Every structure is written in C-alpha cells, then in structure tokens.
Amino acid sequence: MTPSPLPLSVLDLVPVSQGSSGPQAIANSVSLAQAADAAGYTRYWIAEHHNTSSVVSSAPEILIGVLATHTQRIRVGSGGIMLPNHAPLKVAENFRTLEALAPGRIDLGIGRAPGTDGVTALALRGSQEALHRDDLPDQLAELRAYSGQEDGAEGYFPAGHPLGAVRASPVDVPLPPIYLLGSSTYSAQLAAHLGYGFAFAYHFSAAAAGEAMSLYRQNFRPSAQLAAPHAILATVAVAADTQPEAERLASSLGLMFLNIRRGQSRPIPSPEEALAYPYSAAERVFVQSYRATQTVGTPQQVRSELEALAARYGADEIMITAALHSHAARVRSYELIAEAFALGRSQPALAGAASD
C-alpha cells in the first residue's frame, strides 16, 4: 500500500460514554494517544469544554502534560485553549512548562469561543465586561510579549509598558508553535495576518470551510513561526471493517450532536440507543445533515473521501475526531484509518513505542 502524503492527526474531546465515568474517559484518552503515537499520527490535540456531562476536557493543559509523558513521538497540544477564558500570562507559563517537559512536541492551539454556555462563560471570565470583550488580537499580542515574541520579532513589551517587567517562566524555554482555531473567516484572516497555522472546524461549520481556508491562504504573511501557510481541516471520520458497521458506530454521533444543539448535557449514547431513538421529522433532517459532513465507511473509503476533502479545501493536514461510545471501536477506527493511509511507513521507526 502506498503511503499517503497527507498527514493525519487526532482531535480528542475526552468523551464520556453512557454507563462510564470521567476517570475512565481520561484513561481512554491516554490509551488512544498511545495508539495514535504508534500508528503514525502527527498530532494529538485536546479541546477545551466546560459544564457538560458528555466530555471531560475542561483542563487541556493538564491532560496535555499527562499525554506527553505517556507517548514518545507524536506532538501533543490544545485544540484549543480558549484564550478569552484565561490570563495570557498563565497560558504562556503553562505552555512553556509543557514545552520544558516535552521539548519540540507541544502545540498551542488557540480559540476565542467560550467552549461552554453563557452562564459558565461568565463564571470563567468573571464579569459581563470580560464576557463581551472582543480583543483576541490584543490578548495574542500580550501572550507573545510574555515570551519574547511580539509581532514575530524577538523582544518583550515596548519600553515603558506597565507589564514590561513580567516574564513567563520558565524563561529559558520557548513558547510552542501557535495555531489559531476557527469555524468562520475571522480566525482564518487573523492567523494569516500573524503568520500562524490555522485549524478549521469542518465538523460543525462545513458551510464556511471554503471561504475560510481560501482567505487564510490568500492573505498569509510569512512569520518567524511559519514561512508558508499550514491549514488543518478538522472533521469526523469513522472506519470499520464494513460500511454497515461503520454506520452503526457513527449513529451515536448524530444523537450526541442533537443533544448538544438542544442544550442537553448527556454522555455519549450507545449505537443501540441512537438507532432506537424516536426522531421527529425535523430531528431526522438535522441528524442527516450532520451525517453529510462526516466520513464514515471502510478504511479505503475513508482514505478516498478524506483525500478528496483535503484537495477540495486545500488542507495540508486532516485532523480526525470520533467520539464513539465504545473505546475499543474508537481505537480500532483510528488504527484502521492509519493502516489505510500507511502512516507508519512514512514515520521514523519507533523505539519501544507505547501501545494500547
């Protein structure tokens, strides 16, 4: 089988399955990261979400440290840290510390959405003013300045700045590469302007993908971090030995997404629950429209569709998410996709790599 030139990565929300628990979900993510490491995936990113029963990714910076210590080769990072929820200094300190723990293997993916509902966002940000403030460019500039990376040049805050004496520790460790995440054109254009990598959330905003990815490439300005644009497309992909089995596994995702859109915080349903659920006509249309954005099938079908998706949107890398109810099925899906792309053949040999 010919290796694909298309890099694949993993986006993990640390899903909690019906009948399972938060601690088990975290253990499952460690297991999946080890399997992805051994299989040849490029990165493993953890998303930030709060106040939900379906995922336990409220502290991605902690999970990144755990996953980095349990893997050997794969890059580990955030997909992403929602910067308005945090003080830029603390983000700089967290990720410089992570970089010290796993040099050259950490990514700092940043988003601007709250990753939760409005009330929880208020609890995170502390005031109505902070909740409604739209100053991501200023926050990014502060984040870079704490790490000697203001506007892509070496240096800290300008002379006379009130925060000029503040440094993010450890001071002798660089900030990891920054990627901006988005589901619209805003982050695409900001990432292009700053010369950062860009990751687009195709899995819940497919309609905006074409314009966002195009604007990113057209407006990209080389920076100290990147000489050329690097666009990642995040999407749902599920593989199994047969198409019917893949569809059965993916049925959980439709009901999960419907619950999210209805504001219902529930663990990931089983395929049996999803297939037996009495969808209304409107709900069925909604679930079918969500299914149309997914790649579900046999390994070779998934490879063909993902390669076509990357070509259509000009993606340099595909990032796969799949919050399946069964952990074993989720690991197997990622392994089957890696085999179909022959990822292991394009990666350096792994000496004693951890496995599931």
Counting only residues that are more than 23 Å from S251 (Cβ to Cβ) and open to solvent by less than 20 Å² (accessible area, probe 1.4 Å), how many does the range 40-54 have?
7
Picking from S57, S29, S9, the residue that is open to solvent by less than 10 Å² (accessible area, probe 1.4 Å), touching a His at 6+ places or on another chain (Cβ under 6 Å) and on the phi < 0 side of the Ramachandran plot would be S57
Please name all residue pairs, on different chains or six or more residues apart, with Cβ atoms under 8 Å, provided the first residue is in the range 99-122 and is in a helix (DSSP H, G or I) and the second residue is among the hydroxyl-bearing types (S, T, Y).
L101/T69
Filter result (among the hydroxyl-bearing types (S, T, Y) and either free of Cβ contacts under 8 Å to residues at least 24 places away in the same chain or under 26 Å from N51 (Cα atoms) (or both)) within the range 233-242:
T235
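Suppose the filter is closer than 21 Å to S53 by Cβ and among the small types (G, A, S); does A282 pass it?
no
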Out of the range 171-217, which residues are more than 18 Å from the chain's Cα centre (by Cα) and in a loop (DSSP other than H, G, I, E, B)?
V171, D172, V173, P174, L175, G195
If we only count helices (runs of 4 or more DSSP H) wholly inside the range 243-347, which ones have 3 or more residues that are surrounded by 14 or more Cβ atoms within 10 Å (Cβ to Cβ), among the polar types (S, T, N, Q) and in contact (Cβ under 8 Å) with a residue 24 or more places away in the chain?
243-261
Please find, among S58, S53, the residue that is more than 17 Å from S147 (Cβ to Cβ) and out of contact with any Pro (no Cβ under 9 Å at 6 or more places or on another chain).
S58
Here are P162, P137, P177: which of them is at pLDDT 90 or above, of a type outside the set (D, E, K, R) and either out of contact with any strand residue (DSSP E or B) (no Cβ under 7 Å at 6 or more places or on another chain) or surrounded by fewer than 16 Cβ atoms within 10 Å (Cβ to Cβ) (or both)?
P137
Among what's in the range 37-77 and is part of a loop (DSSP other than H, G, I, E, B) and hydrophobic (A, V, I, L, M, F, W, C), pick the residue that is nearest to A100 (Cα to Cα).
I74
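The values are calculated or read from the model by the stated rules, or taken from the named source; none is laboratory data. Predicted, not measured: the structure shown is a model, and the values here were computed from it. Cβ sites come from the backbone with ideal geometry, for glycine too, and all protein chains shown count toward neighbours. SASA here: full protein model, heavy atoms, side chains in, ligands and nucleic acids out. Shrake-Rupley method; radii C 1.70, N 1.55, O 1.52, S 1.80 Å.
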